[in-house]
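Shown next, in structure tokens, is the structure this report addresses.
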Amino acid sequence: MILAPSLLASDFGNLQRDIEMINKSEADWFHIDVMDGRFVPNISFGFPVLKAIQAHAQKPMDVHLMILEPEKYIEEFASYGVETISVHAEACPHLHRTIQQITSLGCKAGVALNPHTPVSVLEYVIEMVDLVVLMSVNPGFGGQKFIEKTYDKVRDTKALIEKYNAKTKIEIDGGVSIANAKQLLDAGADVLVAGSFVFGAENPTQTIKEMKALVR
């Protein structure tokens, strides 16, 4: 299981401290949510903050673009050394082309789906996709309640991946905690994004350790 704490839930006033905590923890990736206030009703990180994260992060950066017209900005995001760039299927009228753009820049390509979006939209691109990000809350804000229907969606996504013998990983983003992590992994998830559950804990490092222990 890959655990990717979401920096959206970190203390922005102590961002370097929280990044260094993740570096020293058993977490695997940094999950970075980029919002434009148009595709989702919130605004978050821009390029200057991403540059600051890059300066201190010692683990792969998993960037989730919750923005319209992501193709205009993908090249610059790739220039910051991120490992994975995920775009929303709902924001990409030419999804196939956008996936090609990401991979041509040397990054892994992810496609995110909102809770209402069926997995079937990935039918003809799944073999090109490194990561499917299933939103288990409505995107835009941290701390929301997990949508229970997500378990079925994970199984549907896993079936599509197996149908095409793809190597795609499944990432769950939103409302993830130790209460539902094992069930998500059992359904077929590979990557868990945990924001509020990690950064809101009294001891985030111990919380990460306990989540990682679920698969030992």
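Taken together, the values in this text are just the output of simple stated rules run on the coordinates, not laboratory data. Treat the numbers as computed from the prediction; the structure is a model and nothing was measured. FYI the Cβ positions are ideal-geometry reconstructions off the backbone, even for glycines, and counts take in every protein chain you see.
Structure notes:
- Expressed in Å, the radius of gyration and Dmax of the Cα atoms of the range 16-76 are 12.5, 35.
- Residue with peak Gaussian network fluctuation, the chain [Cα springs, cutoff 10 Å], from Met21, Met61, Met135: Met21
- Once the C-beta distance of Leu15 and Gln100 is scaled by a Förster radius of 25 Å, the resulting FRET efficiency is 0.15 to the nearest 0.05.
- Electrostatic dipole magnitude of the range 2-215 [Cβ: Lys, Arg +1; Asp, Glu -1; Cα centre; debye, to 20]: 160
- For the chain, the 222 nm mean residue ellipticity estimated from helices alone, with every DSSP H stretch of n ≥ 4 adding -39500 (n - 2.57) and the total spread over all residues, rounds to -9000 deg cm²/dmol.
- Theoretical FRET efficiency, 1/(1+(r/R0)^6), r = Cβ-Cβ of Glu127 and Thr205, R0 41 Å, to 0.05: 0.60
- Three semi-axes of the equivalent ellipsoid, the range 85-169, Cα gyration tensor, whole Å, largest first: 21, 16, 11
- Dipole magnitude of the range 19-86 about its Cα centre (Cβ charges: Lys, Arg +1; Asp, Glu -1), debye to nearest 20: 180
- Checking every one of the GluC sites (Glu not before Pro) in the range 112-216 against DSSP loop status and a limit of 12 other Cβ atoms within 10 Å picks out Glu123, Glu148, Glu202.
- Simple spin-label estimate for Asp152 and His56 in nanometres, 7 Å along Cα-Cβ: 4.2
- Under the simplified labelling scheme, the Val49-Ala159 pair shows an inter-label distance of 3.8 nm, with each label point 7 Å from Cα along Cα→Cβ.
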